[in-house]
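Asker: Sharing a structure below in structure tokens format, with a few things to ask.
FYI, it's all coordinate maths here, none of it is from the lab. Keep in mind that this is a model prediction, so the values were computed, not measured. Backbone-built Cβ (ideal geometry, glycine too); neighbour counts: all protein chains shown.
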Amino acid sequence: MDDRKRRFGSGIVGFLVMILSLSFWGAGCSGCQNPSTVSAPASQVDVILSVSDISETPSDGKVLVVMQFQQNGTVVQLASDASTSCNGVALTYNGLVFGNAGRVPLVAAGGTYAFTHIRSGVTTNVSITVPPRPVFSPPTVDGATITRTGSLTIHYVAGTGVAVFGGASDGTHDLNNSQPDNGTFTGLNVSGFNAGPGTLSIQRELQFPVTGTGFHSATERFYITKTAAVTWQ
């Protein structure tokens, strides 16, 4: 397993925290200290809007959303003269993801997450549309019986994601590194799983620029997951 996964946790939630945190390191971290606090209008900051829809039925009915801000390629923290929200839920700074975060009620495919930034009486809005969930393909479909192997391939309908993450579980979780969104996720080692009920999962990462906003630039990053119930043999 990748060393970064060990540090952040091997489950999907831990892996997503790792990805969002790596946005901070990848963008530059000014000597790897906490982000600088800036007081600036939306037009002077870049924003990454992240939605982590990792379950069709989350226990609290909500998803994690994050607004991460940058200036000149470096992650920054907004000063207290700015406020942010998504679908009416206030987003506050969270050091784990180096951005303003919160849990927002789950929105179905085709709906929208509306992000809002307010400063000095100026409101800047950006909405992103919820994509459809990944679709499994035979033989790895819901209800299938799957042989426990050292190199399982999950079949699914290819999409336009920048990456997919495949998972398998028998009560413990095995999450591989990212692979291309080409219709097959290969190399899952499930040979040590117990026989009986389990799950497969495909998580798609989508990333697009969002144009026509009041920000200096805006990028959408959406993580959406589909799970299938299977039986290990």
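Asker: So how much slack lies between A195 and S127, counting 0.36 nm per residue of separation and subtracting their Cα-Cα distance, in nm?
Answerer: 20.1 nm
Asker: Run the quick spin-label model on T160 and N34: label points 7 Å from Cα toward the beta carbon, then report their separation in nm to one decimal.
Answerer: 4.0 nm
Asker: Counting other beta carbons within 10 Å of each residue's own, what order do I118, I128, I154 fall into, fewest first?
Answerer: By the 10 Å Cβ count, ascending: I118, I128, I154.
Asker: Could you give the distance between the Cα centres of region 60-85 and region 116-133, to the whole Å?
Answerer: 11 Å
Asker: Still on this structure, I have one more. What residues have an amide H closer than 5 Å to that of V76, excluding those fewer than 5 places away on the same chain, when H is modeled at 1.01 Å from N in the peptide plane?
Answerer: F69, Q70, Q71
Asker: What's the extension gain from T211 to Q71 if we count 0.36 nm per residue and subtract their Cα-Cα distance?
Answerer: 48.6 nm is the gain from fully extending T211 to Q71.
Asker: Which part of region 126-145 falls in the paramagnetic zone of A108, meaning amide N under 20 Å from the point 7 Å along Cα-to-beta-carbon?
Answerer: The answer is 128-136.
Asker: So, one more: Taking 0.36 nm per residue of sequence separation and subtracting the Cα-Cα distance, how much length would be gained by fully extending the chain between Q44 and T153, in nm to one decimal?
Answerer: Working: separation 109, 0.36 × 109 = 39.24 nm, distance 4.52 nm.
So the chain would gain 34.7 nm between Q44 and T153.
Asker: Still on this structure: Would you please put 67-74, 156-163 in order of how densely packed they are, using the mean number of other Cβ atoms within 10 angstrom per residue and starting with the highest?
Answerer: 67-74, 156-163
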